[in-house]
Amino acid sequence: RKYRANLTATQDCIEYQLPNGQVDIRAQCKCQGLISKYLEETEQKYESLKELLGTLSPVSTSITTEPQLDKSSCQPRNIALWNAATRDRWDDMDRYVLEVLYFSLDGDNWLSAHLWLSDDPTCDWAGIECMANEITEIDLSKNLLHGEIPGELGLLIHLEYINLMANQLTGSIPNEIGLLQNLRRIEISLCELTGTLPTELGAMTSLEIFDVSLNSIKGTIPTEIGNLINLNFLVLHDNLLSGHLPKEIENLNQISLFYIANNLLTSSIPSEIGMMTYVEELLMSDNLFEAGTMPTELYGLTKLNRLEIDNIKIQGSLPKDLSKLTLLEIFYATSNSLTGTLPTEIGLMTSLTSLDIESNFLNGSIPSEIGLLVDLTALALGGNAFGGELPSEINNLSNLVRLSLGPRNRGISGSLAKLCGIVQLIGAELLDSTQLDCPCCTEH
């Protein structure tokens, strides 16, 4: 065997010759930052693999033409190419893709990398699951991954599940993710991702769960999201998404969790939201929607058990039709501009366990029907202008652990002494309400 070198190797490093006659590619990169020494037959395999990649799919077109694929480059995908070329089974594409993933995401420092880069079957590598010898799952969550997700991931066409959550990833979700037609679950939350959501997501029509929450993804929600007709969970909260909520969400009629809270979404909430008739949890708080009344289409979402619409400029009164949401357990509508009284129909919402409508402009007396909500554990009415006698029926709420009646509700009077004899109000807040008898409450 003889060596060929496209660049002159430094002489003050280490010997790259391995016992099996091969050349240590990674050692060259660690030592001198370039690949300059390799076997002639390895170079031939390298070129063949590079050519093979160019015929597989659109993902490889950019890969094989990018400048970092100069033979001497120590970019992750080039190291993986050379690594593959040193093996007898140099055309094992799944192994190649996983090695690109390893080198791109700082695999040497992962918490768990058992068997990675070994000659053992890739199905035995840590975090990899297979079916019929095809890779179907990658779970590298909470594993100290660092770097940018490589586009080569799109070559694993049998993938059904990807979980990279709670790592330190950079860049954006690669466009090539759209090549994974069999993918059903993507979980890449809490990863410091930036960039935008690729329109290619619309091609992943088998997708059931898409969770990229708690990142810094910006731009708009692509209209192609409406192609994901099998989607059950769409979890986009705590990002920097802007623009309007696309009307194509009307096609998501299988959705059960729809989380878009804590973004920069604008315009009005589209009426098409009423087409998501299977939605159970709808979180839209803390966006920049245009001021307006509560969308009437919400009242048709009768499977809702959690609705959070805090701080999105809702005006007008709390409508009586809200009582149609009889399965609702959690309702948050704080920091809006709601006016008028608390409707008596609130008593029909007997599934409620948490009701928080603080920091609005609601007034009048608290209706006696509040006492019908016997499953309530948290009731927050502070920051409004309620007054009058507190209904004695409130003493029926024996499951309460948190009660907030202030600030600003100065006119409330009455007694919670009976309730105090039944429960311990762990978080009772009266603030400036001095006319209320509550021996177990504490002021804050």
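Can you work out ³J(HN,Hα) from phi for every residue in the range 353-366, in order, using Karplus 6.51 cos²θ - 1.76 cosθ + 1.60 and θ = phi - 60°, giving whole Hz and x for Gly and Pro?
Values per residue, Gly and Pro as x: 10, 9, 10, 10, 10, 5, 6, 10, 10, 6, 9, x, 8, 7 Hz.
Extension gain residue 216-residue 326, at 0.36 nm per residue separation less the Cα-Cα distance, in nm? Don't jump to the answer; show the numbers that get you there.
Working: separation 110, 0.36 × 110 = 39.60 nm, distance 3.57 nm.
Roughly 36.0 nm would be gained on extension.
Could you give the length gained on full extension between residue 344 and residue 55, defined as 0.36 nm per residue of separation minus the Cα-Cα distance, in nm? Provide the component values of the computation, followed by the final result.
Working: separation 289, 0.36 × 289 = 104.04 nm, distance 6.74 nm.
Full extension of this stretch gives 97.3 nm more.
Using Cα-only point scatterers and the Debye equation, what is log10 of I(q)/I(0) for the chain at each q in 0.11, 0.13 Å⁻¹, rounded to two decimals?
The computed values of log10 I(q)/I(0) come out as -0.88, -1.07.
How large is the direction-averaged shadow of the alpha-carbon convex hull of the range 294-340, in nm²? Display every interim value, and only then the final one.
On the way: hull surface 11.9 nm².
Averaged projected area of the range 294-340's Cα convex hull equals 3.0 nm².
Check the straight Cα-Cα distances from residue 71 and name the aspartates and glutamates below 15 Å, setting aside those fewer than 8 residues away within the same chain.
Correct list for residue 71: 24, 40, 41, 43, 47, 51.
So for the range 196-305, what percent of the C-alpha to C-alpha distances run longer than 17 Å? Before the final figure, lay out the partial values.
Numbers: 2966 of 5995 pairs.
The proportion of pairs with Cα distances above 17 Å equals 49 percent.
Round to the nearest 0.05 the FRET efficiency obtained for residue 182 and residue 313 when R0 = 35 Å and r is the Cβ-Cβ distance.
After rounding to 0.05, the efficiency reads 0.25.
log₁₀ I(q)/I(0) of the range 309-415 at q = 0.09, 0.13, 0.14, 0.17 Å⁻¹, via Debye over equal Cα point scatterers, no solvent, to two decimals?
Summing over Cα pairs of the range 309-415 leads to -0.19, -0.40, -0.47, -0.73.
Under 27 Å Cα-Cα from residue 142, which lysines qualify once same-chain neighbours fewer than 8 residues away are excluded?
Cross-link targets: 30, 218.
Given only helices, namely DSSP H runs of n ≥ 4 each adding -39500 (n - 2.57), what is the per-residue ellipticity at 222 nm of the chain, to the nearest 500 deg cm²/dmol? Intermediate values should be presented prior to the final figure.
Numbers: 6 runs with 59 residues, N = 444.
So the calculated ellipticity at 222 nm is -4000 deg cm²/dmol.
Leaving out ligands, DNA and RNA, what percent of the accessible area of the chain is carbon and sulfur, probe 1.4 Å?
Working: 8970 of 18770 Å².
The computed percentage sits at 48.
Tell me the net charge near residue 304. Cut-off is 15 Å between Cβ atoms, residue 304 excluded, with +1 for each Lys or Arg and -1 for each Asp or Glu. Before the final figure, lay out each step's value.
On the way: positive: 303, 306, 324; negative: 280, 281, 297, 308, 321, 329.
Net charge around residue 304: -3.
Specify, per residue and in Å³, the volume enclosed by the convex hull of the alpha carbon atoms belonging to the range 113-228. Walk me through the numbers on the way to the answer.
Values: hull volume 10.4 nm³, N = 116.
Cα-based convex hull of the range 113-228, divided per residue, equals 90 Å³.
Figure the gain on full extension for residue 144 and residue 205 (residue separation times 0.36 nm, minus the Cα-Cα span) and round it to one decimal in nm. Kindly include the intermediate steps, with their values, before the conclusion.
Values: separation 61, 0.36 × 61 = 21.96 nm, distance 3.04 nm.
Full extension from residue 144 to residue 205 adds 18.9 nm.
Provide the FRET efficiency to the nearest 0.05 for the residue 253-residue 375 pair, computing r from the beta carbons and using R0 = 35 Å.
Values: r = 29 Å, r/R0 = 0.84.
So the FRET efficiency works out to roughly 0.75.
Output wanted: per-residue J couplings in Hz (rounded whole) for the range 266-272, from phi through Karplus 6.51 cos²θ - 1.76 cosθ + 1.60, θ = phi - 60°, x for Gly and Pro.
10, 6, 9, 6, x, 5, 4
Show the residues, 5+ positions off or on another chain, whose built amide H is closer than 5 Å to the amide H of residue 318.
Amide H to amide H, under 5 Å and 5 or more residues apart or across chains, residue 318 pairs with 339.
For residue 364, what residues show an amide H to amide H distance below 5 Å, using hydrogens built from the backbone and excluding near sequence neighbours?
Sorted by chain and number, the residues that satisfy this are 387.
In whole Hz and in residue order, list the ³J(HN,Hα) couplings for the range 26-32 that follow from phi through the Karplus curve 6.51 cos²θ - 1.76 cosθ + 1.60, θ = phi - 60°; x for Gly and Pro.
5, 5, 5, 5, 5, 8, 10
Compute the distance in nm between two label points, each set 7 Å from the Cα along the Cα-to-Cβ direction, one at residue 351 and one at residue 137.
Going from the residue 351 label point to the residue 137 one covers 3.1 nm.
The values are calculated or read from the model by the stated rules, or taken from the named source; none is laboratory data. Here the structure is a predicted model, which means the values were calculated and not measured. No Cβ is skipped: glycine too gets one built from the backbone with ideal geometry, and neighbour counts run over all protein chains shown. Accessible surface areas use protein heavy atoms only, side chains included; no ligands, DNA or RNA. Shrake-Rupley method; radii C 1.70, N 1.55, O 1.52, S 1.80 Å.
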